[in-house]
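Undergrad: Before I ask anything, here is the structure I am working with.
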Amino acid sequence: MKKLNIGILGYGFMGRAHSNAYHKVNHFFDLKYQPILKAVCARNADNAKAFAEKWGYESVVTDWRKLIERDDVDLIDICTPNNTHAEIALAAARAGKMILCEKPLALNAEEAEKMVAAVEKAKVANMVWYNYRRCPAVVLAKQLIDEGKLGRIFHYRAKFLQDWTINPDLPQGGAALWRLDVKAAGSGVTGDLLAHCIDTAMWLNGSIDSVSAMTETFIKERKHQLTGKVEKVGIDDACAFLARFSNGSLATFESTRYARGHKALYTFEINGEHASIFWDLHDLHRLQYFDHRDEGRVRGWRSIHVSDGDQPYMKNWWVPGLQIGYEHSFVHQVADFLAGLADGKPARPDFKDGLATDYVTDAVLKSARMGQWEKVKKVK
Ligand SMILES: NC(=O)c1ccc[n+]([C@@H]2O[C@H](COP(=O)([O-])OP(=O)(O)OC[C@H]3O[C@@H](n4cnc5c(N)ncnc54)[C@H](O)[C@@H]3O)[C@@H](O)[C@H]2O)c1
């Protein structure tokens with residue numbers, strides 16, 4: 001196996017999810033590449049050292065520029081807040097490194113366009129961590145749609161509901177709370193949660209032409225964790241939008257962090273002329289499927305337990321009937337990336353796909369600001 005030296009930035013939620021994936025991937029997939037955990041980069045040396053020891057990174061760096069300069073690092077994995085993605089990715093591309101970047105690709109499409117231009121100029125492998133494309137049940141949905149089982153698609157309905165920011169005393173900014181600070185996050189639920197829904201939607205159902213959105217910021221001011229001052233909140237706490245897909249289907253998307261009782265309720269439903277599909281992140285190994293062509297007496301929604309060897313990715317895991325979970329979507333994404341490197345067919349979503357999602361989220365935010373329908377720019 002060829003060794004692929006990873007330099008990771010950030011040791012938070014995604015730093016752990018990706019490190020776990022690099023560890024597991026060669027145990028479960030036969031690949032020509034092996035990720036080597038070369039270095040972790042973070043601002044706090046003690047925390048970075050503790051993370052390196054726990055996860056098996058060979059070294060620690062506290063300046064990301066030094067990480068990018070290193071000859072013994074092949075790939076830069078960006079797991080830091082959204083406002084850091086563009087600068088790091090541009091420098092990494094200039095240094096000829098492969099780049100895996102967390103979503104959303106950038107704060108906005110303007111930044112994302114520069115990132116696409118940079119990886120294309122440098123001809124470096126690149127990918128965005130829209131990991132829900134790698135849940136076996138979601139891949140099964142994609143297969144059924146591509147095989148024409150649903151027929152013409154009429155409706156796409158997606159939601160991503162949480163409830164963790166209802167407390168008005170919750171500060172914004174800094175460690176763990178950068179998502180509430182518009183300068184670090186770029187937007188609220190639109191870039192954080194709906195970006196996932198949009199990526200999956202365009203993968204399953206093609207491009208989105210136009211959107212009409214409303215957003216709300218329920219808590220208008222919060223103390224900033226870093227400055228200690230009460231500051232205006234600039235993110236959208238909730239967003240709902242209507243969309244028209246290029247294939248003529250209609251969509252509704254909704255996301256909020258104010259849906260009491262919901263923690264990460266990402267769901268989508270697709271209604272076609274012959275069949276419908278429903279998926280729920282809380283029950284992610286199942287795909288609900290209704291086929292109108294079934295014999296009438298036994299027609300009904302069936303709950304497919306996606307755990308058999310002929311279902312996506314499952315032959316790499318246990319025996320039929322035993323399910324896998326959230327973290328496996330990241331293992332699958334690394335496996336596909338490494339397989340793509342070996343056979344010259346790059347895995348997606350790449351930076352261009354990430355830009356396509358940023359065009360939609362930019363249009364959604366603009367539509368909410370202007371109170372009118374907005375056309376969505378298309379990636380050239
Ligand atoms: N693919 C997914 O499902 C998914 C899930 C969660 C987060 N994400 C994305 O991953 C990225 C990181 O999110 P996370 O949940 O791992 O965040 P986190 O807060 O858990 O970790 C962020 C890491 O970045 C470091 N960091 C660097 N600069 C920072 C700054 N200015 N402020 C705060 N922390 C800073 C922190 O020290 C920490 O190690 C974001 O772009 C986020 O949108 C994606």
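The values are calculated or read from the model by the stated rules, or taken from the named source; none is laboratory data. Everything numeric here is computed off the predicted structure, so don't read it as measured data. Positions of Cβ are generated from backbone atoms using ideal geometry, with glycine treated the same way; all protein chains shown enter the neighbour counts. What goes into the accessible areas is simple: the full protein's heavy atoms, side chains included, and nothing from ligands, DNA or RNA. Shrake-Rupley method; radii C 1.70, N 1.55, O 1.52, S 1.80 Å.
Undergrad: Does region 305-314 contain at least one residue that is under 30 Å from ALA92 (Cβ atoms) and of a type in the set (Ser, Thr, Tyr)?
TA: So the first thing to find is which residues in region 305-314 are under 30 Å from ALA92 (Cβ atoms), and the list is 313.
Next, from what is left, pick out any that are of a type in the set (Ser, Thr, Tyr): 313.
Scanning region 305-314 turns up at least one residue that is under 30 Å from ALA92 (Cβ atoms) and of a type in the set (Ser, Thr, Tyr).
Undergrad: For region 2-34, which residues satisfy the criterion of being away from the ligand (no atom under 14 Å from the Cβ), open to solvent by 10 Å² or more (accessible area, probe 1.4 Å) and not in a helix (DSSP H, G or I)?
TA: LYS2, LYS3, ASN5, PHE29, ASP30, LEU31, LYS32, TYR33, GLN34
Undergrad: Same structure, new question: Would you mind finding the one in HIS224, HIS196 that is open to solvent by less than 40 Å² (accessible area, probe 1.4 Å) and under 25 Å from LYS380 (Cα atoms)? If you could, list the steps in order and put the result at the bottom.
TA: Numbers: HIS224 fails: under 25 Å from LYS380 (Cα atoms).
One residue alone meets the criteria, HIS196.
Undergrad: Looking at region 68-89, which of its residues are within 16 Å of the ligand (Cβ to nearest atom), out of contact with any Asp or Glu (no Cβ under 8 Å at 6 or more places or on another chain) and of a type in the set (A, V, I, L, M, F, W, C)?
TA: ILE68, ILE76, ILE88, ALA89 - these are the residues of region 68-89 that are within 16 Å of the ligand (Cβ to nearest atom), out of contact with any Asp or Glu (no Cβ under 8 Å at 6 or more places or on another chain) and of a type in the set (A, V, I, L, M, F, W, C).
Undergrad: Could you tell me which residue of region 319-364 is most open to solvent (accessible area, probe 1.4 Å), considering only residues that are touching a residue at least 40 places away in the same chain (Cβ under 8 Å), farther than 17 Å from PRO104 by Cα and charged (D, E, K, R)?
TA: GLU327
Undergrad: Can you tell me which residue within region 153-185, out of those that are more than 21 Å from GLY10 (Cβ to Cβ) and hydrophobic (A, V, I, L, M, F, W, C), is surrounded by the most Cβ atoms within 10 Å (Cβ to Cβ)?
TA: PHE160
Undergrad: Within region 189-228, which residues are within 14 Å of the ligand (Cβ to nearest atom) and assigned to a strand (DSSP E or B)?
TA: HIS224
Undergrad: Taking the residues in region 161-186 that are away from the ligand (no atom under 11 Å from the Cβ) and not hydrophobic (A, V, I, L, M, F, W, C) as candidates, determine which candidate is farthest from ALA356 (Cα to Cα).
TA: From region 161-186, those away from the ligand (no atom under 11 Å from the Cβ) are 161-172, 180, 182; that's our starting set.
Applying the additional criterion that residues be not hydrophobic (A, V, I, L, M, F, W, C) yields 162-163, 165, 167-169, 171-172.
Values: GLN162: 25, ASP163: 28, THR165: 28, ASN167: 34, PRO168: 34, ASP169: 36, PRO171: 32, GLN172: 28 Å.
If we take residues in region 161-186 being away from the ligand (no atom under 11 Å from the Cβ) and not hydrophobic (A, V, I, L, M, F, W, C), then ASP169 is farthest from ALA356 (Cα to Cα).
Undergrad: Mind telling me which of the residues ARG65, ARG43 ends up being open to solvent by 50 Å² or more (accessible area, probe 1.4 Å), within 16 Å of the ligand (Cβ to nearest atom) and in a loop (DSSP other than H, G, I, E, B)? Show your work before the answer.
TA: Details: ARG65 fails: in a loop (DSSP other than H, G, I, E, B).
When all the criteria are applied, what remains is ARG43.
Undergrad: Sticking with this one: So which pairs qualify, if the first residue must be in region 1-22 and without any contact (Cβ under 8 Å) to a residue 40 or more places away in the chain and within 22 Å of LYS66 (Cα to Cα), the second must be among the β-branched types (Val, Ile, Thr) and open to solvent by less than 10 Å² (accessible area, probe 1.4 Å), the Cβ gap must be under 9 Å, and the two must be at least 6 apart or on different chains?
TA: Short answer, once both residue conditions are applied: SER19/ILE6; SER19/ILE8; SER19/VAL40.
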